[in-house]
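Just so it is clear, none of the values below were taken in a lab; they were calculated from the coordinates. This structure is a prediction, so every number in the text was calculated from the model and none was measured. Glycine gets a Cβ as well: all are built from the backbone with ideal geometry, and neighbour counts include every protein chain shown.
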Amino acid sequence: MRQAGRYLPGYQAVRAKVSFLELCRRPDLSAEVSLEPVERFGVDGAIVFSDILVPLQAMGVDVHFDDGGPQIRTPVRSAADVARLELFDPHARTPWILETIATLRRTLPAETAVLGFCGAPWTLATYAVEGKMSKELVAVKTLLWREPDTMRALLGVLAESTVPYLVAQARAGASALQVFDTWASALGEDEWRAFARPALRTVFDGVRAALGKECPPLVLYSQGTGSYAEALRETGADAFSVDWRMPLGRWRERLGAPVQGNMDPTALFGTESSVRAAARRMLESARPFDGVAANLGHGVLVGTPPANVAAFVDEVKSFR
Ligand code: CP3
């Protein structure tokens, strides 16, 4: 996640020429920045360059990206606002992400995975309602507590619009689809079960029903949900991308399903030897299991030394 980004010089050079959204809309440039980490570090997969907020824009929300992160000038705050959200045809409104996936699939060898993605309904709802990054998420949780039916309607339309978006990415050549629920961390278990979970279930069931035997693995990234890890299975995801708040092996055991993760992204700010030690500890904890993919527990942070990413990948590849 964010393996392409501002910590890489190639990405910075491209961003010096075009805005973030222009970059998302130019398949040649998106493919170029998606490929940089694969070429530079030899990772096993490329994640298509885009952002989880791109489909929100396609639904009629005025998303902007400036230096302080994403901004929505007129956030979704009422039932009337929710009613104005439009379902969209990804081929018409977001053709670039599909072209970028097709380009990556054509360019990379068959054994290199091409990952498509989207935001989870709850995480998209947090941005739609807050309008910007926020620590306490008071606006979106106010809506949840005061107008649960409006919140359900919002999550419902977000889930419904996500299904064709992911289906189109799979048909364009994505070898796995990952749904990012970063802000699951803001919900208690009961609220997660009542609001976030049914919307995720709609997404995974819908994609699987539409694609049938052609359906690639569906992966749920969720953050801050370790205390009720077992319940994540109820979303219907095939595999889980997990945070660093418990050892990877314990996640694997509790989920009883393939896992991806979970080194603390700040561990990459250590020394080369501390990076290697943290990577080994992660893999050692999961040694008894199959179905384990080495990754971070969240995105690569701005300012991460690329040499430490290289050390992480090298340590993982040489682990026996
Ligand atoms: O390599 C990849 O993973 C590329 C694609 C990708 C981006 N964002 C590019 C991006 C993916 C998978 C995401 C997911 C995303 N975006 C999430 C879910 C996962 C997570 O990170 O929690 C969320 C919540 C967003 C929303 C978002 N987009 C935020 C909060 C920000 C600002 C954060 C920041 O680092 O400034 C963005 C902007 C963004 N999306 C950047 C990148 C590389 C930085 C934009 C820039 O170039 O200035």
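Odds and ends about this structure:
- Dividing the Cα radius of gyration of segment 166-320 by its Kirkwood radius returns 0.99 for Rg/Rh.
- Backbone phi angles across segment 118-130, fed through the Karplus curve with coefficients 6.51, -1.76 and 1.60 (θ = phi - 60°), yield HN-Hα couplings of 7, x, 6, x, 5, 5, 5, 4, 4, 5, 4, 8, 6 Hz in residue order; Gly and Pro are listed as x.
- Summarised in one figure, the compactness ratio Rg/Rh of the chain, Cα atoms and Kirkwood Rh, is 0.94.
- Exposure proxy ranking, count of Cβ atoms within 10 Å, fewest first, for I101, I47: I47, I101
- Selection from S185, A153, P306 lying farthest towards where the dipole of the chain points positive, charges on Cβ: P306
- Residue-by-residue Karplus 3J(HN,Hα) for segment 72-79, coefficients 6.51, -1.76, 1.60, Hz, glycine and proline x: 10, 6, 10, x, 7, 10, 9, 4
- Cα pair distances of segment 1-63 binned at 10 Å [whole percent]: 22, 51, 23, 4
- By the count of other C-beta atoms within 10 Å, a proxy for reagent exposure, S50, S175, S227 are ordered fewest to most as S227, S175, S50.
- Across segment 175-298, C-alpha contacts under 8 Å between residues 6 or more apart give a mean separation that, scaled by the residue count, equals a relative contact order of 23 percent.
- Mean-position separation - Cα centroids, segment 217-284 and segment 21-64, in angstrom: 24
- Residues whose amide H comes within less than 5 Å of that of I47, counting only those at least five positions distant or on another chain, are L115 (H built at 1.01 Å from N in the peptide plane).
- A straight Cα-to-Cα reach below 12 Å connects K141 with the aspartates and glutamates E130, E191, residues fewer than 8 places away in its own chain not being considered.
- Charging the Cβ of each Asp and Glu at -1 and of each Lys and Arg at +1, and nothing else, the dipole of segment 30-152 about its Cα centre rounds to 380 debye.
- Label-point separation in nm, T142 to S318, each point 7 Å along Cα→Cβ: 5.5
- Cα→Cβ-extended label distance, 7 Å offset, between S273 and K132, nm: 4.4
- Which of H64, H298 has the fewest Cβ neighbours within 10 Å, and the rest in rising order: H64, H298
- Loop-resident trypsin sites (Lys or Arg not before Pro) (DSSP state other than H, G, I, E or B) in segment 99-147 with no more than 16 further Cβ atoms inside 10 Å of their Cβ: K135.
- Computed extension gain for R250 through D205, at 0.36 nm per residue and net of the alpha carbon distance, reaches 13.5 nm.
- Distant-in-sequence amide H partners of A286 (H built 1.01 Å from N, under 5 Å): G249
- For L296, the residues 5 or more places off, or on other chains, whose built amide H falls under 5 Å of its own are M263.
- HN-Hα J in Hz across segment 23-40 - Karplus 6.51, -1.76, 1.60, θ = phi - 60°, x for Gly and Pro: 4, 4, 8, 10, x, 5, 6, 4, 5, 4, 6, 5, 7, 3, x, 5, 5, 6
- The charge dipole of segment 9-241, taken about its Cα centre with unit charges on the Cβ atoms of Lys, Arg (+1), Asp and Glu (-1) only, comes to about 220 debye.
- T74/K213 FRET efficiency (R0 30 Å; Cβ-Cβ; nearest 0.05): 0.10
- Normalised contact order of the chain, rounded percent, pairs of Cα under 8 Å and 6 or more residues apart: 16
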